[in-house]
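One structure is given here, and the rest of the page talks about it.
The values are calculated or read from the model by the stated rules, or taken from the named source; none is laboratory data. Remember, predicted model here, so these are calculated numbers, not experimental data. Note that each Cβ is placed from the backbone with ideal geometry, even for glycine, and that neighbours are counted across all protein chains shown. The protein model used for the area step is the full one, side chains on, heavy atoms only, and it has no ligands, DNA or RNA in it. Shrake-Rupley method; radii C 1.70, N 1.55, O 1.52, S 1.80 Å.
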Amino acid sequence: MAPSPCALCHTNRALILRPKDHSKLCKTCFISVFETEIHHTITMNALFKRGEKIAIGASGGKDSTVLASVLKTLNERYDYGLDLILLSIDEGIKGYRDDSLETVKRNAEQYGMDLTILGYDELYGWTMDQVVEQVGKKGNCTYCGVFRRQALDRGAARLGVKHVVTGHNADDVAETVLMNLLRGDLPRLSRTTSIITSTPSASSDPASNTNIKRSKPLKYAYEKEIVLYAHHKHLDYFSTECIYSPEAFRGSARALIKNLERVRPSAILDVVRSGEDMAKLVPGSDEGCGGACSSNVPIAEEEEGGCGSAAGRTVGGDMENMEKQLAQNDTAADNDLEIEITAKSLQKAKQHNRHDSAAVPLANGKKTKKGVTPRKTNKQVMGQCKICGYLSSQEVCKACVLLEGLNKGRPKNKIEVGYEVQDVQQRDQGADGVADVMQRTSIGGD
Amino acid sequence: MSNEDDVPITIEFSGGLEILFGDQKKYSLLLPAKDESGAPANVAFLVRHLCDKVMKDPRKELFVLDDTVRPGILVLINEADWELEGEDKYEVQKDDHIMFVSTLHGG
């Protein structure tokens, strides 16, 4: 085949075939177009505010490495005025995360960004290696996912950061849309397709229970192009599969997406857009406002993080959704929906409170059918975990429930996880022990 | 063993694929110039050759699916996307640099 010239500069040899529009680009034009498109995603969705401090959830993998590199480039090129830092979670998996964290440390130097590493062992008293030793390889992703979500939030809150960006790409979103469709879980679509989501703050000060914003600047970027960008820019990233989820490699939704891409490359973005459109049509969905009202930002879905495991994204999600839904109702109530609170709904809330635990498994289904009222009724339930102080719909948050189970079964309590006593005390002082941990693990990147 | 008709090429694995090839990222290979039927060696033949002769891992399906490179693995022929070069029909040339990059692995 004769080499084709670049469709943009018409000079250099085309090296890249773009999946979204089949255009053939040279390396230089591709890098420039890729960056410009992410700039457009950022500006069109007004993701950032000038002067904002942004924590990049960094795993050392391709997505977060490309995200950090592109954000640094764009921040300088377009003068966003952002303060960018890296936030990594160390799950404590030998031979997996310890290696990828080395990559993050190099990235911190390469990009001149501060890096904070938060460890599960310091946060929870358990590394994932120890969790797996206790619960086995099956179902350990649930622990990892629940722990990671809190860890990122706590990390962000402790650093005084209100906005965390993650490296989710178009393939990830398309995959999640398909999984929600296959499970018939349309209510969850808006949370998985929304470019901005929010998570409950880890702050134990009730006055500062503001939500931590999450966004996905790479949401419309193909995984293929992310890898090509990393390749052509010689970015330093780490790729391996979590040793505890070998089946993640063959996640069926993932395989389906990749097969579709081979036949019809535009399918990935088409699935993402279909997901967005369907989300708007779901009754009671968070995007009922068409995604236009900023006060109605959906609660973040438990996804990615570091494992990229299909199992990690689904297992435990239903339980978790209840909590997120409640947190989200809380947000809605705090904003423009305040006027809807009536004596009647508060009454209902009390009733709801009583059989709340029984209602949990049905939460997803119920929410859509009941329409408007549950938004208010649930507000009463939202509070803080009485053990760790984390914003939670239950008396005890999910991480603490999991920890309780782990600690009961622990053969020898060699790590002092006296967190029940310790944390309750610290909560009153407005610190849950994370601050100390953070200071110890914080690494200056410059 | 080497034959005048062998084609010297460089093969590179990345994005996690190197795990299947004995954790070695770069290989300098001599690829037979003709495939099993005597036709000039193309990428399809190269992939079969890699599976049979070079791959250390028994999990062939992580590299090849339905007789071609598994979807989600990018193939770069001298840095260019193989889709620009005729995919597996591309006839391997002397000193070609062919790279297989997995997009499937997480961080």
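Past 30 Å, Cα to Cα, is the threshold; run B:K53/B:K94; A:K233/B:K25; A:K233/B:K94; A:K216/B:K89; A:K137/B:K26; A:K94/B:K53 against it and keep the listed order.
Beyond 30 Å between Cα atoms: A:K216/B:K89; A:K137/B:K26; A:K94/B:K53.
Mind listing the long-range amide H neighbours of A:A221? Cut-off is under 5 Å, sequence gap 5 or more, other chains count too, H placed in the peptide plane at 1.01 Å from N.
Counting only residues 5 or more places away or on other chains, the set is A:A170.
From Cα pairs below 8 angstrom and at least 6 apart in sequence, can you work out the relative contact order of the stretch B:38-107, rounded to a whole percent?
On the way: 69 pairs, mean separation 26.1, N = 70.
Computed over the stretch B:38-107, the figure is 37 percent.
Averaged across the residues of A:227-240, what count of C-beta atoms belonging to other chains lies within 10 Å of each residue's C-beta?
Per-residue shielding by partner chains comes out at 4.
What are the residues whose amide H is under 5 Å from the amide H of A:H163, where those residues sit 5 or more places off or on another chain and H is modelled from the backbone?
Counting only residues 5 or more places away or on other chains, the set is A:A55, A:K213.
Counting protein heavy atoms only and a 1.4 angstrom probe, how many square angstrom of accessible surface do chains A and B bury in total, to the nearest 100?
Numbers: alone 19510 and 6310 Å², together 23080 Å².
Chains A and B together bury roughly 2700 Å² of accessible area.
List the residues of the stretch B:75-96 that lose 30 Å² or more of accessible area once all protein chains are present, compared with their chain alone (1.4 Å probe, heavy atoms only, no ligands or nucleic acids).
Flagged in the stretch B:75-96: B:L76, B:E79, B:D81, B:E83, B:L84, B:E85.
Partner chain Cβ atoms within 10 Å, averaged over the residues of A:13-19 - can you pull that number for me?
Average neighbour count from other chains, rounded to a whole number: 4.
Distance in nm between label sites at A:E102 and A:V263, each 7 Å beyond Cα in the beta-carbon direction?
Result: 4.2 nm between the two label points.
Accessible area per residue for the stretch A:5-63 in Å², computed with a 1.4 Å probe and the full protein assembly in place, what is it?
44 Å²
So what is the accessible area of the stretch B:7-102 per residue, in Å², with the probe set to 1.4 Å?
43 Å²
How much of the accessible area of the stretch B:7-102, in percent, comes from carbon and sulfur atoms when a 1.4 Å probe is used?
49 percent
Which value in nm describes the separation of the simple spin-label points at A:C9 and B:N42, placed 7 Å from the Cα toward the beta carbon?
Between A:C9 and B:N42, the label points sit 3.1 nm apart.
In the stretch B:7-102, with Lys and Arg counted as +1 and Asp and Glu as -1 at Cβ, which of these residues, B:V101, B:F45, B:L20, has the Cα nearest the positive end of the dipole, that is, farthest along it?
Towards the positive end, the residue furthest out is B:L20.
Mind ordering A:32-44, A:266-278 by average Cβ neighbours within 10 Å, highest first?
For the peptides A:32-44, A:266-278, the packing ranking is A:266-278, A:32-44.
Using a 7 Å offset from the Cα along the Cα-to-Cβ direction at both A:E37 and B:T10, what is the distance between the two label points in nm, to one decimal?
Going from the A:E37 label point to the B:T10 one covers 2.9 nm.
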